[in-house]
Amino acid sequence: MAERTSTGLLTMMLEPTPAVAMTLPAEVREKLAELELELSEGDITQKGYEKKRGKLLAPYIPQIQGVDPSLQIDNRIQASSQAILPGSKHNKSRAANTRDERFRSDLHTEAVQAALAKYKERKMPMPSKRRSVLVQSSVEACTPPDTSSASEDEGSLRRQGRLATSTPYQGHGHPAVEHWFNRVIQGSSTSSSASVTTTNTSAHAALNANAAATALADLMYHTNLFSFLFLSVLLLSTSLSLPHQSLNQSVDTCLSPPCSITSPLRFCHVCISLHIFVLPCLLSPNLFSVHPLQTHFVGVPVNSRVSNKIQQLLNTLKRPKRPPLREFFVDDFEELLDVQQPDPNQPKPEGQQMSPLEGEPLGVVTNWPPSLPAALQRWGTTQPKSPCLTALDNAGKPVYTLTYGKLWTRSQKLAYTLLNKLSTRNEPLLMPGDRVALVFPNSDPVMFMVAFYGCLLAELVPVPIEVPLTRKDAGSQQIGFLLGSCGVTLALTTDACQKGLPKAQTGEVATFKGWPRLLWFVTDGKHVVKPPKDWHPPIREASNDIAYIEYKTSKEGSTMGIAVSHAAMLAHCHALTQACGYTEAETITNVLDFKRESGLWHGVLTSVMNRMHVISIPYSLMKVNPLSWIQKVHTYKARVAVVKSRDMHWSLLAQRDQRDISLSSLRMLIVADGANPWSISSCDAFLNVFQARGLRPEVICPCASSSEAMTVAIRRPPEMGVPPPGKAVLSMGGLSHSVIRVDTEEKLSVLTVQDVGQVMPAALVCVVRVEGTPYLCQTDEVGEICVSSGSTGVAYYGLPGMTKNIFETIPVTSSGVPVSDRPFTRTSLLGFVGPDSLVFIVGKMDGLMVVSGRRHNADDVVATALAVEPMKFVYRGRIAVFSVSVLHDERIVVVAEQRPDASEEDSFQWMSRVLQAIDSIHQVGVYCLALVPANTLPKAPLGGIHISETKQRFLEGALHPCNVLMCPHTCVTNLPKPRQKQPEVGPASMIVGNLVAGKRIAQACGRDVAQLEDNDQFLYIQDVLQWRAQATPDHPLFLTLIYSVRIDLIATFYGCLYAGCVPVTVRPPHPQNLATTLPTVKMIVEVSKSVCILTTQAIMKLLKSKEAAAAVDIKSWPTVLDTDDLPRKKSPQMYKPPTPEMLAYLDFSVSTTGILAGVKMSHAATSALCRSIKLQCELYPSRQIAICLDPYCGLGFALWCLCSVYSGHQSILVPPLELESNASLWLAAVSQYKVRVTFCSYSVMEMCTKGLGSQTEALRLRNVNLSCVRTCMVVAEERPRIALTQSFSKIFKDLGLSPRAVSTTFGCRVNVAICLQGTAGPDPTTVYVDMRALRHDRVRLVERGSPHSLPLMESGKILPGVKVIIANTETKGPLGDSHLGEIWVSSPHNATGYYTVYGEEALHADHFNTKLSFGDTQTVWARTGYLGFLRRTELTDASGERHDALYVVGSLDETLELRGMRYHPIDIETSVIRSHKSIAECAVFTWTNLLVVVVELEGSEQEALDLVALVTNVVLEEHYLIVGVVVVVDPGVIPINSRGEKQRMHLRDGFLADQLDPIYVAYNM
């Protein structure tokens, strides 16, 4: 063992520290790189690699203080082994050493430590938690934390290395900096936002580049700040080829380099509200020149903590442990999950088929009572003074001794009272056979025993349950379900207990959640009546009627009642008496719960059968004095003790205080949980200590039992002449395949088990396969133990189906012949029969976790986790292990309570070591490791962890951990195969294919533009205004509801047109948020080359204020003119543009991908846009429309500034910002002016839904009526948000809003209005498509409600004069009906091009002027950059033709390419928001092929870590993707633009620059 450990440590020592790595000669570095390559390609084994690498590095490892390295290793081994040797003679006090000893094994601890030593130190990124300290922006804060998982005793070498790390930087000056810099720049082009799955070679290159970037970050930390600034500027210039004179501007405007080829200009600021004007001059020479090939560099701040952490994560995942994916065919749409194929080399059972094992026959006993009540009657009348039960208080003093006489008389009284004195409406409340709940605390065995036997005498069926302490007890609801299904109406309890139960306001006991209505009866003396002389309880022979019901909680948390008949109860007492050699008047100490299982069988039933004296030790006393049971054995000279291994462990911790204890009276120490394989270590340790105090080794008798089968096997006391006890050392690898392979103790992954003795008398036992038909196992195979005997439970009460499976199993031989004509009961114990017919148990069905076809036992995993520095870290050894089903396989979850004094580093280090230990010993990955504060896991009645409740909390997101580590990358190996892109079919064959399939080409158009009207003769909108001013000077065009909203914007816009200037409308900076909004304004001013700014006086002051100076260079503003202060005289002449194709205005906006783009709108396009909207919405001078949109860009600008002037209708202008202070403003205006057509944005709709959802009644009282609205259109550049529009319609239905009124529009940069529902035409249609098919760029229509279905709503009707076609994004060929492709548009109101900052118009020319590669190759189209499809519906439009509906799926720039498939962020976000009630909003993006999910937490911060697992689970289940990073932030952190669209790229930049102030960042491994 020591040798192994030392070699493991040696490899750890040979890890070069960063300092050493930097001083290695070039040839050594080259050789190391070659070695790495050989290992990665499988040309060399891991061992060979380590050996060669060790040789190479040996001369360069720094020696500590001149000490020989080999000596250092040995010293450290000794130090660490001393640190990990538990249970040594110098036992610490109990508080310091409180590990759960049931799972303790020195051998296993050594194995775990050796396994950990084998692991090289893997750096894992530590999760980030919010700390007020992190707000300080020191350079310290920007350096990545040291996240090594080395333990403290390995610190000396690491610290030395850490000191050494800084020296190269101190020694070298700037030349070293430049050298590093050059190395970084050479390979530093990371992928763009839509990260594409790269091939291996490019992945290596990216990783090298990333490593270089990390090195650069380290370098930054060590050089001074000046050189850092210099470097960052240089970095921008190198990546962008910027001319030097433009650098200052680029830094000032915080312009991060573009991240997408399509981007005219990438920019990083969220913009907010009011109005400002920029006047550009004509085009001037380029401000920047960008080489097209260099536009994909992502500008990430190189010293960002976040990117370093992600870097570490990538390095950790560089070579993930994964079996190679197998080949299989992929259907067109289906993504087949990889099915785990059995390993051909896995061990298989080779033994003979086992033969059933028979226990010795039950001996015939003369005068054996015919039933248990008969035994009580006998002893109660013949030996009334004989002690039956002694109860102790919390100080260990005997409080009361119940004699057999007292038990008999008190039970009789209770029986009489229950049958005769309880009645409802003169009917007796209880009849024989009715079920009665027994609710007694664990400290009152006397009252329980009286109640239990009272029920038996009255022929009632007792159902003992736990005392519910609160309304929300773990599992309490399930107990209620059991009581309900048993038809329980009465509960018996004690006076003290009844007073302690939660009360309702009436003073009665409260009804617990899920419980039936109960009458509570107190069984204390004063409430029971003495029976008359002539009344005697009926004492019958034991029959097959139910005697009592014992509750049992299943693995899933449901509670079943196991019915035990009178005959089985008697037979079990007989069998136990024979197996344990019980004799009359023996004394027995019982530490267990007397209400169920062994505590009940030995301490309440069999004891009465044999007139034994039971000393009952309450759990509360054990907590105070763990030695109490041993002291009572000594005091009462007890012959038998019934304990669990936990009680043995607890007494070990306290034993040194007691010297004068003797255990020589014990002839049998029954270990009730002997079926737990880990009990052997407690037994051995207990024997080691107490052998000196008279404990004989052969006295320890483990037994195996289950609630269903009762006692299955027990080791007989030595006087019965049984074979000596056995011990088996089994390979865990074999056990995981259900095969027994005896192993040597040298191996790391072994399980040592002790036997649980022989089968019970008169029982027939066999071992059957766990799944499927119950075939008998082979002799070297592990299976479920089944028992056929007269002393097992008979049924699950009220559950006939489950009863048949469990209590009526018929095991068969391999040829299918039944083993016996008697039915067998499944015990839920997993084990085998060893030599000498000894039974061995290796686990329980409840703890069985089948991961990828291999079986693992929860207890074994607990033991391994506890062997990793338990004393330091886990609180009282409280660890829960269970599996959850995610993506069609079980995943292991480990939850531990950490000690209150554990630091963040401790916990993370412990977690990483636990992962390594479990991986090494069990060869299985842990899916999730969660740490919770001490004492917060739900407790079982006797203080253990309530596993099913813990699992339930985990799945509901109610566990509230303080640390979480998810490892989906290493665990999930059954993801569908990544999609391989097929060589594309050419566009021509596509058309032929569509024709053959009878599919039409997906092309549609709006109706023709109608005959010209009066104003349509004008080519310029400013002429229309002039004409209207002369023809109808008093006709109102605009109505503003708020005084502060003036129409300066509109007046100034037309003023610019008349002056021959090109107006650019810009949202003014937000006075409270200048830092983020002003740079946007500055950037638009500069990009549009504006020569003058027109604005109001207030904004003018703001632009030149001190606060503005902090955000931008205020001296560089062009001339600023105040529109409030205009000259009186009019201009003598008005400018007349020479042609309608001339530029009218620039429309600047920021796309959702963070791209700032200005498009050019000509006079012709402006008029055409107005005409098209006028026709679609039937806008006439008599009409009124309400507009609640921002007036700065897109359709909002057109509706606000252009349409009223063109069509002459009256526009009611409602600025969306005003709704923040008065949410009902817009709807009230619509109602007041009886508006038929209204426009709004999604953010407005959301404000109304959230702000007015509960106020519809109040609005109705204010006479708000929306029945006038024919169409309410949401202006958007995205897929319609069906959930929001539907909830809006539903909420305001009460105010008369027609459900048909709400619809959406669709426009984009190249054409601001493509679809608009308008006032005529069919209603928008909704279809359901298969989300999985969409990932493959295909459309498959499915029924509503089918799995993976996604509803898509038509985006309104195509506008007059607009033609739309769907084209293949790569071949640019036309696609067929219902095929997914890019939406292309041709229309007179298309924008004419980008007004681009770079002047690289060639890059973007095809956005505006592109042609199909096949078919109609003459029409000029504009590419929208949105994916969608056209579908011909059954509806007819105004012209009588069948209506073509356009469905927008999402922006092409926004899509995420992962695993070869295309995902739309909104789909992932919808799933995530659904996963937990506290997730208010969500946004996803990718970074270096990792999926990052940002969630806004609406709730307490302690829920933050609950979300990590839920988010990871839901994305895996629904999208087959592994989440790389989960970021939990406060509400409102995800930036949203004025249209209510998420700005995911801003969010990404903020995350990478560490500006989000997250509550928690989890890096999934």
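The values are calculated or read from the model by the stated rules, or taken from the named source; none is laboratory data. Note that this is a predicted model, so its numbers are computed, not measured. Don't worry about glycine lacking a Cβ; one is built from the backbone with ideal geometry, like all the others, and counts go over all protein chains shown. Note: accessible area is taken over every heavy atom of the protein model, side chains too, but ligands, DNA and RNA are not part of it. Shrake-Rupley method; radii C 1.70, N 1.55, O 1.52, S 1.80 Å.
Could you check Ser948 against (1) closer than 27 Å to Lys1477 by Cα; (2) surrounded by fewer than 24 Cβ atoms within 10 Å (Cβ to Cβ); (3) touching a helix residue (DSSP H, G or I) at 6+ places or on another chain (Cβ under 6 Å) and say which number it fails? The single condition Ser948 does not satisfy is (3). Right, Val1494: within 14 Å of the chain's Cα centre (by Cα) and in contact (Cβ under 8 Å) with a residue 24 or more places away in the chain or not? Judged against the criteria, Val1494 is a match.
Quick one: which residue in Leu915, Leu955 is among the aliphatic types (A, V, I, L, M), at negative phi and buried (at least 22 other Cβ atoms within 10 Å of the Cβ)?
Numbers: Leu955 fails: buried (at least 22 other Cβ atoms within 10 Å of the Cβ).
Unique residue meeting the criteria: Leu915.
Apart from one condition, Ala713 fits all of (1) more than 21 Å from Leu362 (Cβ to Cβ); (2) more than 42 Å from the chain's Cα centre (by Cα); the exception is (1).
Criterion first (open to solvent by less than 20 Å² (accessible area, probe 1.4 Å), touching a residue at least 24 places away in the same chain (Cβ under 8 Å) and more than 22 Å from Val640 (Cβ to Cβ)) does Gly603 satisfy it? No; evaluated as a whole, the condition is false for this residue.
Within region 1340-1375, the set of residues being closer than 18 Å to Lys1411 by Cα, open to solvent by less than 10 Å² (accessible area, probe 1.4 Å) and under 40 Å from the mean Cα position of the chain (by Cα) comprises Ile1366, Ala1367, Leu1375.
Looking across Ser705, Ser664, one residue alone is at pLDDT 90 or above and surrounded by fewer than 20 Cβ atoms within 10 Å (Cβ to Cβ). It is Ser664.
If you check Arg822 against the conditions, is it open to solvent by 20 Å² or more (accessible area, probe 1.4 Å) and touching a strand residue (DSSP E or B) at 6+ places or on another chain (Cβ under 6 Å)? Reasoning before the result, please.
Details: open to solvent by 20 Å² or more (accessible area, probe 1.4 Å): yes; touching a strand residue (DSSP E or B) at 6+ places or on another chain (Cβ under 6 Å): yes.
It is true that Arg822 is open to solvent by 20 Å² or more (accessible area, probe 1.4 Å) and touching a strand residue (DSSP E or B) at 6+ places or on another chain (Cβ under 6 Å).
Check region 1442-1459 and report whether any residue there is free of Cβ contacts under 8 Å to residues at least 12 places away in the same chain, open to solvent by 10 Å² or more (accessible area, probe 1.4 Å) and out of contact with any helix residue (DSSP H, G or I) (no Cβ under 7 Å at 6 or more places or on another chain). Yes; the residues of region 1442-1459 include at least one that is free of Cβ contacts under 8 Å to residues at least 12 places away in the same chain, open to solvent by 10 Å² or more (accessible area, probe 1.4 Å) and out of contact with any helix residue (DSSP H, G or I) (no Cβ under 7 Å at 6 or more places or on another chain).
Taking the stated definitions as given, is Ala496 more than 29 Å from Trp368 (Cβ to Cβ), open to solvent by 40 Å² or more (accessible area, probe 1.4 Å), not charged (D, E, K, R) and not in a loop (DSSP other than H, G, I, E, B)? Don't jump to the end; show me each part of the working.
On the way: more than 29 Å from Trp368 (Cβ to Cβ): yes; open to solvent by 40 Å² or more (accessible area, probe 1.4 Å): yes; not charged (D, E, K, R): yes; not in a loop (DSSP other than H, G, I, E, B): yes.
For Ala496, the condition - more than 29 Å from Trp368 (Cβ to Cβ), open to solvent by 40 Å² or more (accessible area, probe 1.4 Å), not charged (D, E, K, R) and not in a loop (DSSP other than H, G, I, E, B) - is met.
If I ask for residues that are in contact with a Phe, Trp or Tyr (Cβ under 9 Å, 6 or more places away or on another chain), part of a loop (DSSP other than H, G, I, E, B), closer than 22 Å to Leu1412 by Cα and of a type outside the set (Ser, Thr, Tyr), which ones from region 1376-1397 would you list? I'd like the intermediate steps shown before the answer.
Within region 1376-1397, the first condition is being in contact with a Phe, Trp or Tyr (Cβ under 9 Å, 6 or more places away or on another chain), and the residues that meet it are 1377-1386, 1390-1395, 1397.
With the extra rule that they be part of a loop (DSSP other than H, G, I, E, B), the set shrinks to 1377-1380, 1390-1392, 1395, 1397.
Imposing the further condition that a residue be closer than 22 Å to Leu1412 by Cα reduces the set to 1377-1380, 1390-1392.
Result: Asp1377, His1379, Leu1380, Asn1390, Ala1391.
Considering the conditions (1) touching an Asp or Glu at 6+ places or on another chain (Cβ under 7 Å); (2) open to solvent by less than 20 Å² (accessible area, probe 1.4 Å); (3) farther than 21 Å from Val884 by Cβ, Tyr1520 is excluded by exactly one of them, (3). Here is a check on your reading of the model: is Ala762 in contact (Cβ under 8 Å) with a residue 12 or more places away in the chain and at positive phi? Yes; evaluated as a whole, the condition is true for this residue. Strands (runs of 3 or more DSSP E) fully within region 377-458 that include at least 3 residues being buried (at least 20 other Cβ atoms within 10 Å of the Cβ) and at pLDDT 95 or above: 387-392, 435-439.
Quick check: anything in region 1547-1555 in a strand (DSSP E or B) and either out of contact with any Gly (no Cβ under 7 Å at 6 or more places or on another chain) or within 30 Å of Pro976 (Cβ to Cβ) (or both)?
First, pick out the residues of region 1547-1555 that are in a strand (DSSP E or B): none.
Taking every residue of region 1547-1555 in turn, none turns out to be in a strand (DSSP E or B) and either out of contact with any Gly (no Cβ under 7 Å at 6 or more places or on another chain) or within 30 Å of Pro976 (Cβ to Cβ) (or both).
Being surrounded by fewer than 24 Cβ atoms within 10 Å (Cβ to Cβ), touching a residue at least 60 places away in the same chain (Cβ under 8 Å) and not acidic (Asp, Glu) is true of Ser1378.
When Val1493, Val1525, Val1529, Val1508 are checked against the criterion of being in contact with a Ser or Thr (Cβ under 9 Å, 6 or more places away or on another chain) and β-branched (Val, Ile, Thr), a single residue qualifies: Val1493. What do you reckon, is Glu719 at pLDDT below 90 and assigned to a helix (DSSP H, G or I)? Judged against the criteria, Glu719 is a match.
Of all residues in region 831-857, which are assigned to a helix (DSSP H, G or I) and either polar (S, T, N, Q) or open to solvent by less than 10 Å² (accessible area, probe 1.4 Å) (or both)?
Start the filter on region 831-857 by keeping residues that are assigned to a helix (DSSP H, G or I), which leaves 835-837, 845-847.
Hit for region 831-857 is Ser837, nothing else.
Exactly one of these conditions fails for Arg1332: (1) more than 17 Å from Arg1279 (Cα to Cα); (2) of a type outside the set (S, T, N, Q); (3) in a loop (DSSP other than H, G, I, E, B). Give me its number. Only one criterion is unmet by Arg1332, namely (3).
Out of the residues in region 1065-1075 that are under 17 Å from Lys1106 (Cβ atoms) and among the polar types (S, T, N, Q), which is surrounded by the most Cβ atoms within 10 Å (Cβ to Cβ)?
Within region 1065-1075, the first condition is being under 17 Å from Lys1106 (Cβ atoms), and the residues that meet it are 1069-1075.
Still in the list and also among the polar types (S, T, N, Q): 1072-1073.
Working: Gln1072: 9, Asn1073: 15.
It comes out as Asn1073.
Please go through region 1160-1188 and pick out each residue that is under 19 Å from Ile1047 (Cβ atoms) and either β-branched (Val, Ile, Thr) or open to solvent by 10 Å² or more (accessible area, probe 1.4 Å) (or both).
Thr1166, Pro1181, Arg1183, Gln1184, Ile1185, Ile1187, listed by residue number.
Each residue in region 339-373 was checked for being crowded, with 16+ Cβ neighbours inside 10 Å and under 22 Å from His536 (Cα atoms), and 4 of them qualify.
Quick check: is even one residue across region 545-558 basic (Lys, Arg) and under 17 Å from Pro432 (Cβ atoms)? No; the residues of region 545-558 include none that is basic (Lys, Arg) and under 17 Å from Pro432 (Cβ atoms). Filtered by the rule that a residue be under 40 Å from the mean Cα position of the chain (by Cα) and buried (at least 24 other Cβ atoms within 10 Å of the Cβ), region 619-643 gives a lone residue, Val643. Can Pro1280 be described as assigned to a loop (DSSP other than H, G, I, E, B) and either modelled with pLDDT under 90 or more than 30 Å from Thr1392 (Cα to Cα) (or both)? Spelling it out, it is not the case that Pro1280 is assigned to a loop (DSSP other than H, G, I, E, B) and either modelled with pLDDT under 90 or more than 30 Å from Thr1392 (Cα to Cα) (or both).
Here is a check on your reading of the model: is Leu1195 buried (at least 20 other Cβ atoms within 10 Å of the Cβ) and touching a residue at least 12 places away in the same chain (Cβ under 8 Å)?
On the way: buried (at least 20 other Cβ atoms within 10 Å of the Cβ): yes; touching a residue at least 12 places away in the same chain (Cβ under 8 Å): yes.
The answer is yes for Leu1195.
Restricting Asp1506, Asp1444 to those that are closer than 30 Å to Gln1003 by Cα and either within 20 Å of the chain's Cα centre (by Cα) or modelled with pLDDT under 90 (or both) reduces the list to Asp1444. The set of residues in region 445-461 that are over 16 Å from Val528 (Cβ atoms) and of a type outside the set (A, V, I, L, M, F, W, C) comprises Pro445, Glu459.
Taking only region 747-791 into account, find how many residues are part of a loop (DSSP other than H, G, I, E, B), among the β-branched types (Val, Ile, Thr) and under 20 Å from Gly834 (Cβ atoms). Lay out the reasoning, then the answer.
Filtering region 747-791 for residues part of a loop (DSSP other than H, G, I, E, B) gives 747-749, 756-757, 760-763, 769-774, 777, 779-780, 782, 789-791.
Now restrict to residues that are among the β-branched types (Val, Ile, Thr): 756, 770, 773, 779, 782.
Subset that is under 20 Å from Gly834 (Cβ atoms): 756, 770, 779, 782.
Final tally of qualifying residues: 4.
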